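For reference, the structure is listed below as C-alpha cells.
The values are calculated or read from the model by the stated rules, or taken from the named source; none is laboratory data. Small disclaimer: the values here were computed from a predicted structure and weren't measured. FYI the Cβ positions are ideal-geometry reconstructions off the backbone, even for glycines, and counts take in every protein chain you see.
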Amino acid sequence: MMREVFIISTGEILNGKTAGSRRMLNIARSLAAGRITVYLCSFPEFKGEPANMNEVQSGIYTLESVNKAVKRGGTLRRFMRTIDYYAKRSDAEKVIYLYPTTYVLKDFMYLLYFKYIKSYRFFCEINELRSAIAFSSPPPLKSGPRIKYYLKSVKEYIVFTLNEYQVILYDGIVVISTSLERYFSRYTARIIRVPILCNTEEIAVAGEPPVFNGETFKICFAGYIKSEKEGFALLYEALSIVSDEKKVELYLYGILDEEDNVRLRQLADKYELTEHVFYLGNLEPERLKYEFLKYHLLILPRPLNKRTKYGFSTKLSEYLVSGVPVLLTDVSDNALYIRDNYNGYLISPGSAPAIAEKLIYIINHYNSQAKNIVDNAYLTVRKDLDLRLFTDQFAEFFFDVKGKLNLSARTE
C-alpha cells in the first residue's frame, strides 16, 4: 500500500533560511528514499485557497497557494482544511508529522484537528527542551525591564512546561538527542532518536578546505545568532586573547535580532574586536554552502546549560559536509560523533582560555591537519549521519503500528 507523510509546521520550510527548515527537508528526503510520498505544509508559506501540491523533488511535494503575490497569509483553519483535503484524495496510509515552533497554541490546534477531529495518526519532532528557554538569558539590570523579564519568563516556563505534557497525546515522537530521549521516556514509550541529518550528496560540491597563507585566519559561524545560547561572550573573549598572537577574523551569517545585535556590539567594543567581526546577513542555504569555503574554520562555541544539554545543534549537519574543519564544545551529543583532532576539534565548554588555546593550536597546525580532518568528517557522515541511513527506521516507526517502541538510532 502507498504511504504518505504530511510534514506540517508554523515555521517556513521550503523558503526557510534556518537549520530547522534544512532538517525538515532532510527528513523529507529520508522518507522519500523509502518510496514514501512527502507533503511539506508550511503555514507562513500558505497564502490561502486555491492551493496546489507542487512536486519540488522526486516524491516530495509542497503546499503552495496559487496566488503567491498575496501578502496576507491564509487562516489557520483554512490551512488545516486544505491539508485535510489533500490527505483524503487517496487510500494511502498516511500520518501527520509536526515540526513544532514556539507558537505552542497553533501546535495544539494541529493536534486537536488532525488527531481528534480527523483521526489521523499524529507524530511530532522534538529537538529542544522548550521549558529551558525561560530564564535562559540574563535579566536586565534596571528594575522596570527586570520585572518584565521575570513576568515573561514565568509565563514562558508555564506554557512550555504544559506543552511538554502534550507528548502523551501523540502517536509517537522523534527526538534529536539522547538527553531528550531519556527526558521524554517518562511521558511516552514510543520514541525514536534521529540525530542531525546530513546529505552526503552535498559532499561532491564541497571541495577542499582553503589553504592558510599565514596572514588572516578566518572563522565562520552560521545559524540563529543568539548570544547567550551560542556562547558568543566566551568566543569574543577567546578571540581577544588569540589576537595578541594571531590575526583572526570572525564572520557571522544568520538571523540576528536587534537585542542580540546590541549585545554583540557591546562585546566587540569590550574586547576591541570591532574591526575583526563582520555580520554578512542571512543567506539562502544553497548560497551559504559556497560561502563556507571562504573560511578556514567553522565554529559552534555553545556553553553547557540546560538548553544546550537537551538540544543538538542542527547546523552541525551543514558544517560536516562543508569541506571546512569544525570546532565545537562538548555539549549534548557532540562527542558521540566528533573526536578531537580526528574529524573535528572538540573542547570542554565554558572556558574562553580553552577556546583561545585550541584556536592557536588549530592555526599553527592548520595546513597539515585540515584536509585529514575534513576527510574523516566525511567518513563520519557516510557511516552515521547520512539521511538515508534512517529511512527504514522512519518507515517502521510511522507505519508499523505494532512495531517496536523505543527504537534506537545509529549511535556510537
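Yes or no: Ile173 within 30 Å of Ser368 (Cβ to Cβ) and either touching a Ser or Thr at 6+ places or on another chain (Cβ under 8 Å) or at pLDDT below 95 (or both)? Against the criterion (within 30 Å of Ser368 (Cβ to Cβ) and either touching a Ser or Thr at 6+ places or on another chain (Cβ under 8 Å) or at pLDDT below 95 (or both)), Ile173 does not qualify. Only one entry of Ile192, Ile196, Ile176 meets the criterion of being touching a Pro at 6+ places or on another chain (Cβ under 7 Å) and closer than 21 Å to Tyr337 by Cβ, and that entry is Ile176. Among the residues making up the range 7-22, those that are of a type outside the set (Gly, Ala, Ser) and surrounded by 23 or more Cβ atoms within 10 Å (Cβ to Cβ) are Ile7, Ile8, Ile13. The one condition from (1) of a type in the set (Lys, Arg); (2) in contact (Cβ under 8 Å) with a residue 60 or more places away in the chain; (3) within 14 Å of Ala238 (Cα to Cα) that Lys289 does not meet is (3).
Give the range 40-52 a look and list any residue that's within 20 Å of the chain's Cα centre (by Cα) and either surrounded by fewer than 21 Cβ atoms within 10 Å (Cβ to Cβ) or part of a strand (DSSP E or B) (or both), or say none. Step through it out loud before you land on a result.
From the range 40-52, those within 20 Å of the chain's Cα centre (by Cα) are 40-45; that's our starting set.
Matches in the range 40-52: Leu40, Cys41, Ser42, Pro44.
Residue count for the range 308-358 satisfying the condition of being aromatic (Phe, Trp, Tyr) and farther than 25 Å from Gly20 by Cα: 1. Taking first residues from the range 338-354 that are closer than 23 Å to Lys371 by Cα and partners that are part of a loop (DSSP other than H, G, I, E, B), the Cβ contacts under 6 Å between residues at least 6 apart in sequence or on separate chains come to Gly344/Ile338; Leu346/Asp330; Leu346/Ile338. In the set Thr329, Thr391, only one residue is within 30 Å of Met2 (Cβ to Cβ), modelled with pLDDT of 95 or more and either out of contact with any helix residue (DSSP H, G or I) (no Cβ under 8 Å at 6 or more places or on another chain) or polar (S, T, N, Q) (or both); that residue is Thr391.
Across the range 351-401, the number of residues qualifying as buried (at least 19 other Cβ atoms within 10 Å of the Cβ), part of a helix (DSSP H, G or I) and of a type outside the set (S, T, N, Q) comes to 21.
Mind checking which strands (runs of 3 or more DSSP E) fall wholly inside the range 53-161 and carry at least 2 residues that are under 30 Å from Thr178 (Cα atoms)?
Details: elements: 60-65, 93-98, 121-126.
Those strands (runs of 3 or more DSSP E) span 93-98, 121-126.
Among the residues in the range 109-124, are any under 16 Å from Lys309 (Cβ atoms), touching a residue at least 24 places away in the same chain (Cβ under 8 Å), in contact with a strand residue (DSSP E or B) (Cβ under 9 Å, 6 or more places away or on another chain) and crowded, with 19+ Cβ neighbours inside 10 Å? Within the range 109-124, none of the residues are under 16 Å from Lys309 (Cβ atoms), touching a residue at least 24 places away in the same chain (Cβ under 8 Å), in contact with a strand residue (DSSP E or B) (Cβ under 9 Å, 6 or more places away or on another chain) and crowded, with 19+ Cβ neighbours inside 10 Å.
Quick one: in the range 167-190, of everything that is of a type in the set (A, V, I, L, M) and not in a helix (DSSP H, G or I), which residue is farthest from Arg121 (Cα to Cα)? Show your work before the answer.
So in the range 167-190, the residues of a type in the set (A, V, I, L, M) come out as 167-169, 173-176, 180, 189.
This time we only want the ones that are not in a helix (DSSP H, G or I), so: 173-176, 189.
Numbers: Ile173: 12, Val174: 14, Val175: 18, Ile176: 21, Ala189: 16 Å.
It comes out as Ile176.
The residues of the range 174-212 that are over 18 Å from Thr380 (Cα atoms), in the same structural domain as Leu293 (by TED's automatic domain parsing) and touching a Lys or Arg at 6+ places or on another chain (Cβ under 8 Å) amount to a single one, Pro210. Before we move on, is Glu215 of a type outside the set (Ser, Thr, Tyr) and not assigned by TED's automatic domain parsing to the domain that holds Val277? The answer is no for Glu215.
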